[in-house]
Structure formats: structure tokens, C-alpha cells
Amino acid sequence: MSEYESSTQKRKTKSVYVSTVISIALVLLVTGLLGLLLVHAKNLSKYVKENIVLNVIVNDGTNEGDVLSLQKDLEKDKYVLRTEYISKELAAKSLKEDLGEDFVQYLGHNPLLPSIDVYMKEDYANSDSIKTFIDKISRNTRIKEVVYQESLIDMVNKNVRIISIVVLAFAAILLVIAVALINNTIRLAIYSQRFLIKSMQLIGATKNFIRKPFITYGIIHGLLGSLIAILLLIFTLKFAQQQIPELVFLRNWYEFAAIFIVVIAIGILISGLSTYFAVTKYLKAKSNDLYS
């Protein structure tokens, strides 16, 4: 009978440990997905801001050498990420493709002016910085005017701020929920071992001696749960990139690696601490309280 009870107890213990690891993995998976969402939102914001273009229109009659010299001067500016020279011929070709007809042949000449497309650095992709930049370069006699969509820039920055606040608030709430869920899962697992904890204490085992194996198992469960969560996150990333190829532009494996490390740290830390406090609770409890 005792062997049967021992075997039954071992099976129950294993099932509790397995369910604990699975629960931790699922909670960390959701936490990791939110981390990936934050990274993609940040990278998307950077991508959008760095692709806001300013069209620097060059005066007619300016030779190509002077235009290329102007382009180099612009690229040296601290506000500028990169530039692209658009010759009269290239501008005409692009407009011809957009219109679907040869307007140069119809007019008899190419009325378009050469220009330089300027892409700002992320930190300077805002209305104030752009106005300062335009005021500075407008003094150059080779520049006729600078054209850009001011309303679009304001809208992009406003939406980015709103989305960032919402996502960060959601992340904070979800992190609290994740900690609570993992803590409750581990407390339930330790609850099933409360009589074993009290029995060890009654026969003279010290508190640290009793805590040590439980905390060790807790850390292992946290590590296993986090590794399972990371594998699921990698699978989710690959699946998402197959469905939305444009996500490749937002991919940053260094940031993803940082998220994976954070997931492992959260899994180990919360599991270890929750196990410590749960075991301590039953070490302090009276024998009669274990039945309540």
C-alpha cells in the first residue's frame, strides 16, 4: 500500500511540475510577445521617421558638379541621415511612369528641375528641427526651395507618441499580471507539498535545508518555462515574417536577443522568489493551519 501511495504521490508531483512549467512558459510567451511588439513599434517609428523626405529643389542652370557638391555638403550636416540626387532626366522618367504618358514630348522640353531628396535622422524628424534645417540651407544660392509635407510629419510624430504611451501602459499592466500568474502557479505547486515541508521541519531539518531543493526546482522550472517560451517566440517571429515580408525591415536580432535574455531573467527570478516566499509561508505555519 505504501509503495502504491508513493507511486501515486510521485505521479502527482510530476504532473504538478509539468503544469507549472507549461503555465510559466505560456505567461512568459505573452510577455515576450509584448516585448517583440514594443521592439517592432520602436523600429517602425524609426523607419517611418527616417523615410520622411525633404525635396531640395535646385535652381535651373546649376551644373551637375555644383549639385553634387551641394549634396556632399548636405550629407555632412548633423541633421541628415542620407541624400539622393534626382537629375532632371530621372525626375522626368519617374513622372512619365506615374502619368503614363510622355509629357516631355508633348511640351517639347523638360520643365522639371534637378533636386536632392534629403532624409532626416530619427531624432531630427520633427517640425522644429526641420524648420531650423531649412532656414539654414535656404541661404545657399544654389537652392530654389525646399518642399516637404509638414502636416504628415506632425501627424506621424503625434501618432507615434500616442502609440508609444498606449503600448508602454499595456506592457506595464501585463508585466504585473504575468508576475501575479507565475506567483500563484508556484504557490499552488508548493501548496501540494506543504505536508512534506512541515514533516521535514518536525524531524529537525533547518529552514535553509528545506528551502534549497524547492528553490532549485523553482529556478529550473523558470528556466525551462522561459526556454519553451523563447522557442515559441522564434517560431512566431518566423511565421509572422512569412506572412508579412515587410517585417524583415524591422528585424533586429540584437534587440530580439535582449528580449530573450529578459524573458529568461524574468522566468528564473520570479520562479525563485515565489518559491522562496511560498516555502517560507508553510515553514512559519502551524501544523493545524495546513488543513485549512
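All of the numbers you see were taken from the coordinates with simple rules; none came from a lab. Computed from a predicted structure; not experimentally measured. We place every Cβ from the backbone using ideal geometry, glycine too, and count neighbours over all the protein chains shown.
Output wanted: per-residue J couplings in Hz (rounded whole) for the stretch 125-135, from phi through Karplus 6.51 cos²θ - 1.76 cosθ + 1.60, θ = phi - 60°, x for Gly and Pro.
Listing the rounded values in order: 7, 9, 4, 5, 5, 5, 5, 4, 5, 5, 4 Hz.
Any idea what log10 I(q)/I(0) is at q = 0.10, 0.11, 0.18, 0.20 Å⁻¹ for the stretch 146-278, Debye with uniform C-alpha scatterers and no solvent?
-0.53, -0.61, -1.09, -1.20
Residue by residue, what Karplus-based ³J(HN,Hα) values in Hz, rounded to whole numbers, does the stretch 270-277 have, using 6.51, -1.76 and 1.60 with θ = phi - 60° and x for Gly and Pro?
Per residue, the Karplus-derived 3J(HN,Hα) values read 5, 5, x, 5, 5, 5, 4, 5 Hz.
With θ set to phi - 60° and the Karplus curve 6.51 cos²θ - 1.76 cosθ + 1.60, what are the ³J(HN,Hα) couplings of the stretch 227-241 in order, to the nearest whole Hz, using x for Gly and Pro?
For the stretch 227-241, the Karplus-derived couplings read 5, 5, 4, 5, 4, 5, 5, 5, 4, 5, 4, 5, 5, 4, 6 Hz, x marking Gly and Pro.
Restricting to DSSP H runs of at least four residues, report the calculated mean residue ellipticity at 222 nm for the chain, -39500 (n - 2.57) per run over all residues, nearest 500 deg cm²/dmol.
-25000 deg cm²/dmol
Roughly what percent of Cα-Cα pairs across the stretch 16-169 reach past 20 Å?
For the stretch 16-169, the share of Cα pairs beyond 20 Å comes to 62 percent.
Once you've got the GNM for the chain with C-alpha springs shorter than 10 Å, pick whichever of Leu181, Leu152, Leu269 has the biggest mean-square fluctuation.
Leu152
Between Ala92 and Asn140, what FRET efficiency follows from the Cβ-Cβ distance if R0 is 30 Å, with the result rounded to 0.05?
Step by step, r from the Cβ atoms, then E = 0.80.
Taking 8 Å as the Cα distance limit and 6 or more residues as the minimum spacing, I'd like the relative contact order of the chain as a percentage.
Reported relative contact order: 29 percent.
Could you tell me the ratio Rg/Rh of the stretch 174-239? Both radii from Cα atoms, Rh via Kirkwood.
A ratio of 1.14.
In the stretch 152-292, with Lys and Arg counted as +1 and Asp and Glu as -1 at Cβ, which of these residues, Ala189, Phe239, Ser271, has the Cα nearest the positive end of the dipole, that is, farthest along it?
Checking the options against the dipole of the stretch 152-292, the answer is Ala189.
What nm value, rounded to one decimal, do you get for the distance between Ser192 and Gln242 when each label is placed 7 Å out toward the C-beta?
Each label point is offset 7 Å from its Cα along the Cβ direction, giving 3.5 nm.
Quick one: length gained pulling Tyr47 to Ala258 fully straight, 0.36 nm per residue minus the C-alpha distance?
Full-extension gain reported as 73.9 nm.
Search the structure for amide H atoms under 5 Å from the amide H of Lys144, placed 1.01 Å from N in the peptide plane, and list their residues when 5 or more places away or on another chain.
Ile57, Val58, Asn59
Find the all-direction average of the projected area of the Cα convex hull for the chain, expressing the result in square nanometres with one decimal place.
Projected over every direction and averaged, the Cα hull of the chain covers 23.1 nm².
Taking the Cα centre of the chain as the origin, how large is its charge dipole in debye, to the nearest 20, when only Lys and Arg (+1) and Asp and Glu (-1) carry charge on their Cβ atoms?
That gives a dipole near 2620 debye.
By how many degrees, between 0 and 90 and to the nearest 10, does the Cα long axis of helix 88-99 differ from the longest principal axis of the chain?
Taking Cα atoms only, the helix is inclined about 70 degrees.
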